[in-house]
Amino acid sequence: MTGIAIVGAAEAQMGLALPGLDAADVMAEAARLALADAGLAPADVDGVFAASTQLRWASVDLAEDLGIRPRHTDSTMIGGASPMAHVNHARAAIAAGLCDVALIAYGSTQRSVGRAKASAQELDRWEAPYRPLLPVGAYALSAARHMHQYGTTREQLAEVAVSARRWAQRNPGAWSREELTVADVLAAPRVCDPLGVRDCCLVTDGGAAIVVTTEARARALRRPPVFVLGAAEAHGHRHVSSMPDVTVTAAVESGERAFAEAGLRPADVDSAQLYDAFTITPILFLEDLGFCAKGEGGAFVQGGRIAPGGDLPVNTAGGGLSYAHPGMNGLPLLVEAVRRVRHADEDVVLAHGNGGVLSTQATVLLGSEAAAEQRPRAAMARIRRGVGAGASASGGRRRRAVGAGRASR
């Protein structure tokens with residue numbers, strides 16, 4: 001077994017928050033719901049983890065709102081990858097005896113207050129003279145280079161948005177559920193070439209939270225544990241002008257370490273919840289995490305391969321492109337990953353967060369009890385063979401022995 005599990009998960013005020021609520025209110029509501037989901041109370045929490053562009057003291061705000069006096073607190077801020085990093089930090093804190101029950105939460109009211117007020121852009125002094133349109137300009141740069149270098153097409157980018165919409169149409173809570181075609185994406189107004197309006201994520205309010213604790217405590221609670229099989233984080237730059245290659249992200253490193261720890265490979269993953277601030281990002285992460293070779297991401301997403309009924313379900317709630325995108329979208333992806341293990345008969349689910357302008361990356365592999373039981377054997381077998389996590393990056397997909405087939409949301 002892995003020793004660490006998620007026992008509660010919830011979202012709150014997704015889409016448009018009720019009038020009068022601020023980011024701290026939304027975060028606290030999500031936290032209370034996650035604790036109730038676990039069958040725990042705020043008094044049971046002794047580790048608090050939170051980060052937000054709207055709240056400078058996010059973890060302290062959360063603790064105050066819930067009446068928690070934590071033994072351990074962490075407000076590590078690396079953008080949309082923060083919640084995945086918090087999972088990594090929480091398990092380390094629990095293993096070190098710094099806390100027993102960790103609450104990880106996030107809230108945003110960026111739609112209510114306006115994105116400019118919710119998330120100020122930090123300009124690099126070398127980029128500022130060019131007055132870049134950020135963050136979309138940086139992602140457009142990556143998309144344009146990927147198209148030039150690998151022949152990726154706008155139609156392939158559009159397939160990412162269409163697949164997300166197909167999943168959102170199965171989710172009654174999704175913000176955007178109307179029909180969307182590749183032609184619709186291509187015809188939408190251009191924002192920053194080659195990205196159009198439908199290539200860009202939604203701007204919504206929302207909050208989410210998860211509760212992490214030891215396996216022993218998890219087994220005494222109301223929900224079957226969702227185990228943390230592997231987790232890792234990495235970053236390579238702050239501003240895009242310092243990115244060595246705008247088509248390669250630090251997800252190469254975070255993914256390799258997370259898979260190696262879990263003793264798994266991309267072919268073992270039943271679904272992937274990938275940060276999709278723009279249509280280019282899932283393509284980059286499918287490549288960098290090892291689901292296909294570099295440059296093959298565009299072809300990988302064609303033909304509904306990541307949509308309902310496809311080979312690899314991606315962003316099964318609709319993602320940031322169609323479900324909701326409350327600023328830093330990492331925690332909603334983690335909540336959906338928990339749902340997939342709990343309710344969709346999936347044994348291994350990957351959740352990947354991204355922050356800044358492809359700056360920070362964090363990968364978490366979650367699994368069922370069957371996957372957790374198999375993990376030590378798989379890890380040891382892989383070590384004996386001397387096989388790295390990325391060794392099967394472009395290999396064919398296969399079902400895990402513990403799986404029984406994928407179920408739709």
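The values are calculated or read from the model by the stated rules, or taken from the named source; none is laboratory data. Keep in mind it's a predicted model, so treat the numbers as computed, not measured. Please note: Cβ atoms are built from the backbone with ideal geometry, for glycine as well, and neighbour counts cover all protein chains shown.
Observations on the model:
- Lone qualifier among 140, 158 - being at pLDDT 95 or above, touching a Cys at 6+ places or on another chain (Cβ under 7 Å) and buried (at least 22 other Cβ atoms within 10 Å of the Cβ): 140
- Selected residue (only one of 180, 157 is within 24 Å of residue 300 (Cα to Cα) and assigned to a loop (DSSP other than H, G, I, E, B)): 180
- Residue that is surrounded by fewer than 22 Cβ atoms within 10 Å (Cβ to Cβ) and under 20 Å from residue 352 (Cβ atoms), where the choices are 92, 105: 92
- Filtering region 189-204 for residues that are touching a Lys or Arg at 6+ places or on another chain (Cβ under 6 Å) and under 30 Å from residue 74 (Cα atoms) leaves a non-empty set.
- So residue 305, is it farther than 14 Å from residue 159 by Cβ and surrounded by fewer than 24 Cβ atoms within 10 Å (Cβ to Cβ): no
- Among residues of region 192-202, those that are assigned to a strand (DSSP E or B) and under 13 Å from residue 161 (Cβ atoms), counted: 3
- Residue among 178, 127 that is of a type in the set (D, E, K, R), farther than 30 Å from residue 74 by Cα and in contact with a His (Cβ under 7 Å, 6 or more places away or on another chain): 127
- Qualifying residue in region 235-253 (condition: over 27 Å from residue 123 (Cβ atoms), assigned by TED's automatic domain parsing to the domain that holds residue 365 and of a type in the set (D, E, K, R)): no
- Residue 137 vs. criteria of a type outside the set (S, T, N, Q), over 18 Å from the mean Cα position of the chain (by Cα) and assigned by TED's automatic domain parsing to the domain that holds residue 332: yes
- Among (1) outside any helix (DSSP H, G or I); (2) under 27 Å from residue 284 (Cα atoms); (3) in contact (Cβ under 8 Å) with a residue 40 or more places away in the chain, the one test that residue 140 misses: (1)
- Residue in region 38-60 that is within 24 Å of residue 325 (Cα to Cα) and free of Cβ contacts under 8 Å to residues at least 12 places away in the same chain present: yes
- In region 116-137, the qualifying residues are those that are surrounded by 12 or more Cβ atoms within 10 Å (Cβ to Cβ) and among the small types (Gly, Ala, Ser), and the one that is nearest to residue 249 (Cα to Cα) is 137.
- Filtering 189, 282, 224, 244 for residues that are surrounded by fewer than 21 Cβ atoms within 10 Å (Cβ to Cβ) and closer than 30 Å to residue 112 by Cα leaves a single hit, 189.
- In region 12-37, the qualifying residues are those that are acidic (Asp, Glu) and farther than 17 Å from residue 51 by Cβ, and the one that is surrounded by the fewest Cβ atoms within 10 Å (Cβ to Cβ) is 37.
- Only one of the numbered conditions (1) at pLDDT below 90; (2) surrounded by 16 or more Cβ atoms within 10 Å (Cβ to Cβ) is violated by residue 362, and that is (1).
- Matching residues, region 203-234, being β-branched (Val, Ile, Thr) and closer than 30 Å to residue 125 by Cβ: 203
- The listed residue being of a type outside the set (Gly, Ala, Ser) and either farther than 20 Å from residue 11 by Cβ or buried (at least 20 other Cβ atoms within 10 Å of the Cβ) (or both), out of 182, 113, 203: 182
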